[in-house]
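The values are calculated or read from the model by the stated rules, or taken from the named source; none is laboratory data. Please read these numbers as outputs of a predicted model, since none were measured by experiment. Cβ: placed from backbone, ideal geometry, glycine included. Neighbour counts: every protein chain shown. The accessibility values were calculated without ligands, DNA or RNA, using every heavy atom of the protein model including side chains. Shrake-Rupley method; radii C 1.70, N 1.55, O 1.52, S 1.80 Å.
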Amino acid sequence: MGEVLRVENLHKSFGPNHVLKGIDLTVEKGQAVVLIGASGSGKSTLLRCVNFMEIPSDGRVWLNGEAVGRERNGKTEYREHSLIPIRTHVGMVFQHFNLFPHMTARQNVMEGPRTVLRLTRATCVKRAEKYLAKVGLSDKFDAYPAHLSGGQQQRVAIARALAMEPQLMLFDEVTSALDPELVGEVLRTLKDLASEGMTMVVVTHELGFAYSVADKVVFLHEGRIHEQGTPDEILVRPSQTRTRDFLRGHATFRLPEAQF
């Protein structure tokens, strides 16, 4: 299938706070990888290091087989101009939608291809309408964010990231800011993308979603990967005590055969 992302011995510190403590992770083309763990375990920081919104303190990141940054005197150096193209290939969607309120859904989705990729207006319009349709918003091209529900706004944000046609998509708790009745529509969008073969890494507390969609589930605890494997291996038959304790805390997630 081909390796899209490889992370080796990744560390990230913020002053004295050592958040990531040696992460090793691979993501194959077409894989849906779900990161789970308690708040503060390092899930979001890992995503932000993968797309270089945060610069790793140590370790290496490979995208499509190419190392990001360059080694010098035993340390990896990152220059901003070399990171710009990386970010165009790695899309990211956050828990908060951050749409431009003065722009329609179509205009919001057009903005990246227009300003970053420098595509023609006609191409940007075509892309925007294509990806808004993909997330089920064909009837909302001309709607402003204020006239959209939270779930619809998040789907516009997903379309905006897809319009850059990235090779890897990162989703960081994209349902956590939504009212419960709106969560399903966003999760269905992610499930559809996974079924179409989109390579993605998803941070979520929605364990039912993780079980039904993930090719690989990764459990993080205190900045380290404690366990990873198939949904059955991690969510049904976890081998690590910390994983089992975490799953017991999710009273809404229970499988009849779960071994914890």
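Estimate the FRET efficiency between residue 66 and residue 224 by the formula 1/(1 + (r/R0)^6), using the beta-carbon distance for r and 25 Å for R0, to the nearest 0.05.
Efficiency, from the Cβ-Cβ distance: 0.45.
Run through the DSSP bridge list for the chain and note the antiparallel percent, rounded to the nearest 5. Write out the running numbers ahead of the final one.
On the way: 24 of 40 bridges.
In the chain, DSSP labels about 60 percent of beta bridges as antiparallel.
Which lysines have a Cα lying under 21 Å from the Cα of residue 43, excluding residues fewer than 8 positions away in the same chain?
By straight Cα distance, residue 43 reaches 12, 21, 29, 191, 216.
Go through the range 117-147 and name the trypsin sites (Lys or Arg not before Pro) that are in a DSSP coil and have 10 or fewer other Cβ atoms within 10 Å of their Cβ. Please list the in-between numbers first.
On the way: sites: 118, 121, 126, 127, 130, 134, 140; in loops: 118.
Loop-located and lightly packed - 118.
Just read off the accessible area of residue 168 with the full protein assembly in place, 1.4 Å probe, to the nearest 10 Å².
Number for this one is 0 Å².
Between (1) 39, 25, 17; (2) 30, 25, 15; (3) 32, 20, 16, which entry matches semi-axes √(5λ) of the Cα gyration tensor in Å as derived from the coordinates of this structure?
(2)
Using the beta-carbon distance between residue 122 and residue 212 and R0 = 41 Å, what value does 1/(1 + (r/R0)^6) give for FRET efficiency, to the nearest 0.05?
Here the calculated transfer efficiency is 0.60.
Averaged per residue, what accessible area in Å² does the chain show with a 1.4 Å probe, protein chains only?
On a per-residue basis, the chain sits at 47 Å².
I'd like the distance separating the alpha-carbon centroids of the range 72-150 and the range 162-213, in whole Å.
16
Label-point separation (nm) for residue 75 and residue 100, each offset 7 Å from Cα along Cα-to-Cβ?
Computed distance between label sites residue 75 and residue 100 equals 3.8 nm.
How would 88, 204 line up by accessible area, probe 1.4 Å, largest first?
Result of the area sort, largest leading: 88, 204.
Pull out the extension gain between residue 14 and residue 233, defined as 0.36 nm times the separation in residues minus the alpha carbon to alpha carbon distance; nm, one decimal.
75.6 nm
Carbon and sulfur atoms: what percent of the 1.4 Å accessible area of the chain do they account for?
Ligands and nucleic acids excluded, carbon and sulfur give 48 percent.
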